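Chemist: Structure provided below as structure tokens; questions to follow.
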Amino acid sequence: MRDRHTNILIIPDIHGKSFWKDVDPSKYDLTVFLGDYVDPYPEDKLSSEDVIKNLEDLVLFKKDNPNTIFLSGNHDEMYVNDEYASYFSYKSRYDYSHAVEIRNLLNQLSMQYVYVLDKYLFTHAGFNNK
């Protein structure tokens with residue numbers, strides 16, 4: 001007998017890029033995004049508008065694909081969690097001028113810190129026993 005979720009698409013850090021759109025999610029039972037949806041690398045030459053459009057597309061993807069899990073990454077946490085952000089005196093590539101809009105879009109993804117499915121554990125960057 002086949003497990004409920006046997007064909008899983010795992011999408012790593014996006015950092016504003018749209019490569020994730022090249023995959024057909026209907027071929028998978030579950031899609032797991034591993035976080036870091038924002039803060040593109042300078043060499044990618046993505047504008048804030050590109051990043052925001054990509055976030056809007058992720059929100060639409062979530063609505064159209066209910067078998068999708070969005071995990072939070074450290075770059076996302078700085079936008080949605082003020083306490084987390086306060087630990088960093090310098091926010092790498094943080095978009096101060098669009099932070100509120102980015103926060104609102106990220107919150108629509110209902111991000112999780114961890115996702116467990118059977119014997120599999122999904123996180124952005126590991127875990128510890130605390």
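Chemist: When you have a sec, figure out the Kirkwood radius of segment 1-112 from all distinct Cα pair distances and drop it here in Å to one decimal? List each step's numbers first, then the result.
Modeler: Values: mean 1/r = 0.0684 Å⁻¹.
One over the average 1/r among Cα pairs gives 14.6 Å for segment 1-112.
Chemist: Long-range amide H contacts for G16: which residues qualify at under 5 Å (H placed 1.01 Å from N, peptide plane, sequence gap of 5 or more or a different chain)?
Modeler: Under 5 Å from the amide H of G16: V38.
Chemist: How much area per residue is accessible in the chain when the probe is 1.4 Å and only protein heavy atoms are counted (Å²)?
Modeler: Numbers: 8000 Å² over 130 residues.
Per-residue accessible area for the chain comes out at 62 Å².
Chemist: How many percent of the accessible area of the chain is carbon or sulfur, using a 1.4 Å probe?
Modeler: Numbers: 4010 of 8000 Å².
Ligands and nucleic acids excluded, carbon and sulfur give 50 percent.
Chemist: Here's another thing I want to ask about it. Would you mind checking which residues have amide H under 5 Å from L117's amide H? H placed 1.01 Å from N; only 5 or more apart, or other chain.
Modeler: For L117, the qualifying residues are F122.
Chemist: Report D for segment 60-105 in µm² per second (integer): Stokes-Einstein, Kirkwood Rh on Cα pairs, 37 °C, 0.692 mPa s. Spell out each step's value before the answer.
Modeler: Working: Rh = 12.0 Å.
The diffusion coefficient I find is 274 µm²/s.
Chemist: Give me the orientation-averaged projected area of the Cα convex hull of segment 86-130, in nm², one decimal.
Modeler: Values: hull surface 19.9 nm².
It is 5.0 nm².
Chemist: Continuing with this model, one more query. Near the amide H of R93, under 5 Å away, which other amide H atoms are found, from residues 5 or more places off or on another chain, if H is placed in the peptide plane?
Modeler: Here the answer is none, since no amide H 5 or more places off falls under 5 Å of that of R93.
Chemist: Please give the peptides 19-32, 70-83 ranked by average Cβ packing (other Cβ atoms within 10 Å per residue), highest first, as a rough proxy for protection.
Modeler: Details: 19-32: 13.4, 70-83: 19.8.
Listed from highest to lowest mean packing, they are 70-83, 19-32.
The values are calculated or read from the model by the stated rules, or taken from the named source; none is laboratory data. Bear in mind the structure is a predicted one, so any value in this text is a computation, not a measurement. We place every Cβ from the backbone using ideal geometry, glycine too, and count neighbours over all the protein chains shown. Just so you know, the surface numbers come from the protein's heavy atoms only, side chains and all, with ligands and any DNA or RNA stripped out. Shrake-Rupley method; radii C 1.70, N 1.55, O 1.52, S 1.80 Å.
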